[in-house]
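Below: the structure, in structure tokens.
The values are calculated or read from the model by the stated rules, or taken from the named source; none is laboratory data. It should be emphasised that the depicted structure is a prediction, and the values quoted were computed from it without experimental measurement. Using ideal geometry, Cβ is built from the backbone for each residue, glycine included, and neighbour counts are taken over all protein chains shown.
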Amino acid sequence: MESLLPSIAARWLALVVTPDELLQVFHDRTRAPIGTGTADRPLELDGRIRRHYDLDPGGHFAMIESPDGLAEHPASFDSVIEAQRDFFAARGQRVEWKTYDYDEPMDLADRLVAAGFIAEDAEALIVGEAGPLAEQQVALPDGVVVRPADHPDDFVRIRTLQEQVWGREQAWVTESLLPEWLLRRSTMDVVVVEESRDGSVLCAARGEYDDSPFTGLWGGSTLEPWRGRGLYRATLAHRARLGLERGNDYVRIDASPDSEPILRRLGLHRVATTTPYVFDPSA
């Protein structure tokens, strides 16, 4: 890894931009482009709306986004929202409408709530250059290592970690994340922090890749006795390096209030707020 760091430093010094410029890069290169789906997880366009969901209604993934706004005429805003709600109601499928505070119309949140969507906790959209993050040197406790997951057994152990951290079933790890990783290894690195392969996973997180220059840094659950000892920061640096090796010069994170201070101390920037609005036909 040492041989990679000088080239990383040279690259990120040429990239330093303002938070507003970072948000524009994020929007233009990550949100605005229309991606492609798969046979089991289609991505559909309905006007300006993008629906990306598991074809099996019992799956764990269904997402709506509207980065281009809803429509040209305000009178149709509510009907556009209701059409998406009714689509997933007919499927009996829980769906998340992912919003950003710069989305139009500016009263989108109120309209979603009026249509039966429920707001979940807001998170900070944190973005920044991957280079300086990758250069972070974190001294882990003796015997603790960070490595990419490389076997399905790792996901069983990650599920156990998640259930211990959150106190509820985390079936999505083995039923959704694992199959996605097995089918599309080129789009994802899952990393674990451990003392041994036979013991507990102490911390786990993942990096995801698309056609943009951003590595999405998702997750970051740590067992309570191991918090505050650098494990999460070590996964950030490790995932930033993996992203740089793939040519991704930036990182993005949807950060909780607990994670945001850590990320900002590492030189990343809060550029927007993202809030999920969930519609659950079974609720």
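Annotations
- Among (1) in a loop (DSSP other than H, G, I, E, B); (2) touching a residue at least 40 places away in the same chain (Cβ under 8 Å); (3) not basic (K, R), the one test that D150 misses: (2)
- Selected residue (criterion: nearest to L125 (Cα to Cα)) from residues of segment 47-65 that are free of Cβ contacts under 8 Å to residues at least 40 places away in the same chain and of a type in the set (G, A, S): A62
- Of I81, I158, all but one fail to be part of a helix (DSSP H, G or I), free of Cβ contacts under 8 Å to residues at least 40 places away in the same chain and touching a helix residue (DSSP H, G or I) at 6+ places or on another chain (Cβ under 7 Å); the exception is I81.
- Subset of segment 171-191 [touching a residue at least 24 places away in the same chain (Cβ under 8 Å), assigned to a helix (DSSP H, G or I) and either in contact with a strand residue (DSSP E or B) (Cβ under 7 Å, 6 or more places away or on another chain) or surrounded by 14 or more Cβ atoms within 10 Å (Cβ to Cβ) (or both)]: W172, E175, S176, L177, L178, W181
- Listed by first and then second residue, the pairs linking a residue in segment 192-208 that is acidic (D, E) to a residue that is in a loop (DSSP other than H, G, I, E, B), with Cβ atoms under 6 Å apart and 6 or more places separating them unless they lie on different chains, are E195/G143; E195/V144.
- Any hit, segment 203-217, residues being assigned by TED's automatic domain parsing to the domain that holds Q164, more than 27 Å from E21 (Cβ to Cβ) and in contact with a Leu (Cβ under 6 Å, 6 or more places away or on another chain): yes
- Filter result (surrounded by fewer than 16 Cβ atoms within 10 Å (Cβ to Cβ), closer than 29 Å to R264 by Cβ and in contact with a strand residue (DSSP E or B) (Cβ under 9 Å, 6 or more places away or on another chain)) within segment 88-117: D101, Y102
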